[in-house]
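Report on the structure given below.
The values are calculated or read from the model by the stated rules, or taken from the named source; none is laboratory data. The structure presented is a predicted model; accordingly, all values stated were derived computationally and were not measured. Cβ atoms come from the backbone with ideal geometry, glycine included; neighbour counts cover every protein chain shown. In case anyone asks, the SASA skips ligands and DNA or RNA and just uses the protein heavy atoms, side chains included. Shrake-Rupley method; radii C 1.70, N 1.55, O 1.52, S 1.80 Å.
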Amino acid sequence: MIYLKALVLFLLTVNVCMADELLDQIHARLTKATITRGAFEQTKQLKVLRKPLISNGTFIYHKSRGIAWKTLSPVPSLLLISDTRLWTEQGEQPVPAAFGKVFQAMLGADLSQLATAFDINGTVRKIAWQVSLVPKDEMMKKVISRMQLSGDHELRELEIFESNGNSSILHFQNIIHPERLTAGEEADFAHLSP
């Protein structure tokens, strides 16, 4: 029995080290910037619909301010996410810490935060990389069963598999790293409480 416990502990330690090494390899490739701006196309497959829902828009990530997610079509909307707050046109509400940190970690190239919230495995090739994330947090497991990230020097695709059987694929494109936010982006972020 002691040997079995020692083996399990060893395997858990090896998995953590392998996940850390994988994230370090990907982190070394990713562009590090205070601001990341780009466009997205989201294809959402709902179990109750035959055809997927397709939306597109823009996003802006700011290291200290959070994420502004602006859907342009089919229905214009704005979603703001910080470490602890989420804002929509319907108002502001708190979010689980894991949720806010995960999306900022993915768009902000701070993958070390992912290791605390997810069980991780993946591959790194010459140009591309891919990572599968399974939530550790029980609250997050009720919403998301798994996420798949892939990219090169930027995050290019995010697949989200929800616990209820729905799924989404987000493709990121036209990614740039400007020096500062525009006046419109500053106004959007002003909706979030400090």
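Stretched out fully, how many nm does the piece from S64 to Q173 gain, at 0.36 nm a residue minus the Cα gap?
Extending this stretch completely gives an extra 37.0 nm.
Using 0.36 nm per residue of separation minus the Cα-Cα distance, give me the extension gain between T84 and T182 in nm, one decimal.
Between T84 and T182, full extension yields 32.9 nm more.
Pop out the ³J(HN,Hα) list for segment 71-83 in order, Karplus 6.51 cos²θ - 1.76 cosθ + 1.60 with θ = phi - 60°, rounded to Hz; leave Gly and Pro as x.
Result, ordered by residue: 7, 9, 8, x, 10, x, 7, 10, 10, 10, 10, 10, 4 Hz.
Kindly flag which residue pairs out of K44/K142; K47/K141; K44/K141; K47/K70; K32/K126; K47/K142 have an alpha-carbon separation exceeding 23 Å in this structure.
K47/K70
Which far-off residues, 5 or more places away or on another chain, put their amide H under 5 Å from the one on F118, with H placed in the peptide plane?
Sorted by chain and number, the residues that satisfy this are K136.
Top to bottom by accessible area (1.4 Å), largest first, where do K126, K51, K70 land?
K126, K51, K70
Take the alpha carbon gyration tensor of segment 102-185, find the square roots of its eigenvalues, order them as a ≥ b ≥ c, and report rounded if a/c is under 1.5; if not, report prolate when a/b exceeds b/c, else oblate.
In terms of gyration-tensor shape, prolate.
Could you report segment 46-194's accessible area per residue, 1.4 Å probe, as an integer in Å²?
Per-residue accessible area for segment 46-194 comes out at 56 Å².
Would you list S150, S168 from the most to the least accessible area, probe 1.4 Å?
Output order, biggest surface exposure first: S150, S168.
Using a 1.4 Å probe over the heavy atoms of the protein chains, calculate the carbon and sulfur portion of the accessible area of segment 107-153 as a whole percent.
Solvent-exposed carbon and sulfur of segment 107-153 make up 53 percent of the total.
Of E186, E92, which has the most accessible area with a 1.4 Å probe, and how do the rest follow in descending order?
From most accessible down to least: E186, E92.
Going 7 Å from the Cα of D152 along its beta-carbon direction, which residues of segment 115-134 have the amide nitrogen within less than 16 Å of the resulting point?
Only 124-130 fall inside the zone, counting backbone N under 16 Å.
Using the per-residue mean of other Cβ atoms lying within 10 Å as a proxy for protection, in what order, highest first, do the peptides 26-36, 169-179 fall?
Top of the packing list down: 26-36, 169-179.
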